[in-house]
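See below for the structure under consideration.
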Amino acid sequence: HKTARNILITGGAGFIGSHVVRLFCEKYPDYRIYNLDKLTYAGNLENLKDVSGKCPNYRFIKGDICDLEHMRRIFAEHKIDGVIHLAAESHVDRSIKDPFAFAQTNVLGTLSLLQAAKEAWDGAMGGKLFYHVSTDEVYGSLRDPGTFFVETTPYDPQSPYSASKASSDHFVRAFGNTYGLPVVISNCSNNYGPNQFPEKLIPLFINNIRHNKPLPVYGTGENVRDWLYVVDHARAIDTIFHSGRVGETYNIGGFNEWRNIDLIRVMIATADRLLGRPAGTSEKLITYVADRAGHDKRYAIDSAKLHEELGWEPSLQFEEGIEKTIRWYLDNQEWLDNITSGAYERYYEEMYGDK
Ligand code: NAD
């Protein structure tokens, strides 16, 4: 927001958060950027090693958004006047196994952050902004071809993950309506790019192609997702944070729909080429597994409002973005190896070991 200078970014050690932190630190050297992260399995300070040594305006704070006292101290001590809230449990499959962790962080954690902002800003809301980063999964699944989620689409979450995000969106709006907290929300489609934890489809498959491991495709691979390059999401967050209208919601997406199986074929073709393997070598790794419970059939988002009102559009075509992404994972084997050992290996075995 125009006057916010002391910005709290939550979840900045995660996938999208780390790209937002990097963009803000580099683009706004006169802001003070506080990255608050609990460092769960998904938080990784390695994602920010280029920023933490280089940007004097950056500071990391380890903490849990559910800890209201700690949130209050952070707002007071650092005179926080802008929040970009990304901290969350983010993986649908994990939410099916442990929904409580999702209600805890995504709902109650968001509530503590809202409460801390409300108390700190009480009576002097001008120029402040609480920006909540959310997902298009809150809208549920599209049934009719050619239709898109718009900002007014009714909420219809299907998984514990999307139910927890939907609930957090409602609390954010409620704090805007009830207490006058200056809030803004964006709902974005699936992201891909460097630094994504390899439980998610794209890095998981790149890693498995590299190691000649099976590629577990849910159901028949017909589910459709809209994919956006993570840096374009970070650019959209920057645009909305600085120019979005208070109280509004903005959908973010790439108008880039892919059936899972087609996306996987593009990844295989690109990865085989980059690995110097004959075309199609890794096709044999495709393994169909039982569909995810409650698997939404199709998500597609209409980001016309963001484009028309604020001029944002994606900078990368998908083919370019996916090649860049695959190259990054192949060039950063150490990053992948560090997190695919130990606890993650056990989780992976549990999820896919018997399939
Ligand atoms: P991620 O799992 O990679 O990162 C989440 C970060 O939050 C991690 O660094 C983790 O340590 C931190 N965190 C978790 N619980 C915390 C707590 N209680 N207190 C403090 N920090 C905590 O997730 P991501 O993919 O980067 O997603 C970031 C946000 O964007 C989420 O709110 C997610 O719902 C939303 N989103 C993600 C996508 C996507 O495709 N990944 C799309 C749209 C919206």
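FYI, it's all coordinate maths here, none of it is from the lab. Please read all numbers here as calculations on a predicted model, not as lab measurements. Reconstructed Cβ throughout: ideal geometry from the backbone, glycine too, with neighbour counts over all protein chains shown.
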By count of other Cβ within 10 Å, fewest leading, how are Leu45, Leu36, Leu204 ordered?
Leu45, Leu204, Leu36
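Among DSSP beta bridges whose residues both lie in the range 1-140, state the antiparallel percentage, nearest 5.
Numbers: 0 of 18 bridges.
In the range 1-140, approximately 0 percent of DSSP beta bridges are antiparallel ones.
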Interchain or long-range residues, amide H under 5 Å from Ile9's placed H
Tyr34, Asn35, Leu36, Ile84
Placing unit charges on C-beta atoms (Lys and Arg positive, Asp and Glu negative, everything else neutral), compute the dipole magnitude of the chain about its Cα centre in debye, rounded to 20.
540
So what are the three principal axis dimensions of the range 259-340 from its Cα atoms, in whole Å, longest to shortest?
45, 33, 29
Charge dipole of the range 274-355 built from unit charges on the beta carbon (Lys, Arg +1; Asp, Glu -1), centred at mean Cα; most positive-end Cα among Leu274, Phe318, Ile286 is Ile286
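Which translational diffusion coefficient, to the nearest whole µm²/s, is obtained for the range 128-189 from the Stokes-Einstein equation, given a Kirkwood hydrodynamic radius over C-alpha pairs, 25 °C and 0.890 mPa s? Let's see the in-between values first.
Numbers: Rh = 12.3 Å.
Reported coefficient: 199 µm²/s.
If you place +1 on the Cβ of every Lys and Arg, -1 on the Cβ of every Asp and Glu, and leave all else neutral, what size is the dipole of the range 1-123 about its Cα centre, to the nearest 20 Debye?
Details: 16 positive and 15 negative charges, 70 e Å.
With Lys and Arg at +1 and Asp and Glu at -1, about 340 debye.
Expressed as a rounded percentage, what relative contact order does the chain have, with Cα pairs under 8 Å and six or more residues apart?
Numbers: 656 pairs, mean separation 62.1, N = 355.
So the answer I get is 18 percent.
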How big is the shadow of the Cα convex hull of the range 198-355, averaged over all directions, in nm²?
10.8
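Using C-alpha positions alone, give me the convex hull volume of the range 37-108 per residue in cubic angstrom.
Values: hull volume 7.4 nm³, N = 72.
Hull volume over Cα atoms, normalised by residue count, gives 103 Å³.
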A correct fewest-to-most ranking of Leu108, Leu114, Leu39, Leu201 by other Cβ atoms within 10 Å would be Leu39, Leu108, Leu201, Leu114
Taking the chain as a Gaussian network, where each spring joins two C-alpha atoms under 10 Å apart, which residue of Ile240, Ile33, Ile286 fluctuates the most?
Ile286
So if we plug the beta-carbon distance of Ile261 and Lys324 into 1/(1 + (r/R0)^6) with R0 = 25 Å, what FRET efficiency do we get, rounded to 0.05?
0.70
Rounded to two decimal places and with Rh computed the Kirkwood way over Cα pairs, what is Rg over Rh for the range 187-242?
1.07
Where is the GNM fluctuation largest for the chain (alpha-carbon springs, 10 angstrom cutoff): Lys200, Lys305, Lys49?
Lys49
Which helices, taking whole DSSP H runs in the chain, have alpha carbons extending 20 angstrom or more along the helix axis plus mean Kyte-Doolittle at least 0.0?
260-274
Which of Thr40, Thr281 has the fewest other C-beta atoms within 10 Å, and how do the rest follow up to the most?
Thr281, Thr40
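Rounded to the nearest 0.05, what FRET efficiency do Glu248 and Lys54 give with R0 = 45 Å and r taken as the Cβ-Cβ distance? Could you check?
On the way: r = 34 Å, r/R0 = 0.75.
The pair Glu248/Lys54 has a calculated efficiency of 0.85.
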Do any cysteines in the chain lack another Cys Cβ under 4.7 Å, and if so which?
Cys66, Cys188
Express in nm, to one decimal, how much length is gained between His295 and Ala174 on full extension, taking 0.36 nm for each residue of separation and deducting their alpha carbon distance.
40.7 nm
Residue-wise, which Karplus ³J(HN,Hα) couplings in Hz belong to the range 280-297, taking 6.51 cos²θ - 1.76 cosθ + 1.60, θ = phi - 60°, and x for glycine or proline?
x, 3, 8, 4, 5, 7, 4, 10, 7, 10, 3, 4, 5, 4, x, 5, 5, 6
Using a Gaussian network model of the chain whose springs link C-alpha atoms within less than 10 Å, name the residue from Pro203, Pro56, Pro182 with the highest mean-square fluctuation.
Pro56
Sequence-distant or interchain residues sharing an amide H contact under 5 Å with Val217, placed H: which?
Thr287, Tyr288, Val289
Whole-number D in µm²/s for the chain (Stokes-Einstein; Kirkwood sum over Cα pairs; 37 °C, 0.692 mPa s)
158
With both bridge residues required to lie in the chain, what share of the DSSP beta bridges run antiparallel, to the nearest 5%?
10
Tell me the mean residue ellipticity at 222 nm calculated for the chain from its helices only (DSSP H runs of n ≥ 4, each -39500 (n - 2.57), averaged over every residue, nearest 500).
-12000 deg cm²/dmol
Tally Lys and Arg at +1 and Asp and Glu at -1 over the other residues with C-beta under 12 Å from the C-beta of Leu113: what net charge comes out?
-1
Which value, in nm² and rounded to one decimal, describes the direction-averaged projected area of the C-alpha convex hull of the range 129-281?
10.4
Using R₀ = 22 Å, calculate the FRET efficiency as 1/(1 + (r/R₀)^6) where r is the Cβ-Cβ separation of Tyr31 and Glu77; round to 0.05.
0.85
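Quick one: net charge around Asn338, please, counting Lys, Arg +1 and Asp, Glu -1 for every other residue with C-beta under 13 Å from its C-beta.
Details: positive: Lys49; negative: Glu46, Glu334, Asp337, Glu345.
Residues close to Asn338 contribute a combined charge of -3.
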